[in-house]
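Encoded as structure tokens, the structure appears first; notes follow it.
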Amino acid sequence: KKDVAIRRKELLEAVSPPLLKYLCENAQAMVMDKACSVAVSDILGAAIGDLRPAMEAVADLAAGPLVPGGEDGQ
């Protein structure tokens, strides 16, 4: 049996790239959904690899204007 730390690292190496890509492509939808926003935090906190594009996607949303009730009723 593999050591737990090695198994965890291998698993993170396998799942991190697709999770980070998905977050980059769907940042707004994920951040606006309560359940998914927890996943955003978990992905950014645990993923292995280049986090910058995903962090920038989330930061771009945070830097945008805050409109009570959303824009165009969103």
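Every read-out reported here was derived from the displayed coordinates using simple, explicitly stated rules and does not represent laboratory data. Everything numeric in this text was worked out from a predicted model, so none of it was measured. Ideal geometry is used to build each Cβ from the backbone, glycine not excepted, and the neighbour counts take in all protein chains shown.
List of remarks:
- Between helix 34-46 and the chain there is an angle of about 40 degrees, using the helix long axis and the longest principal axis of the Cα atoms.
- 28 Å Cα-Cα reach of K1 towards lysines, excluding residues that sit fewer than 8 places from it in its own chain: K9
- One quarter of the convex hull surface built on the alpha carbon atoms of the chain amounts to 5.7 nm², the projected area averaged over directions.
- Remark: segment 4-60 carries a charge dipole of roughly 240 debye about the Cα centre, counting +1 on each Lys and Arg Cβ and -1 on each Asp and Glu Cβ.
- With respect to the chain, whose longest principal axis is taken over its alpha-carbon atoms, helix 4-25 is tilted by about 30°.
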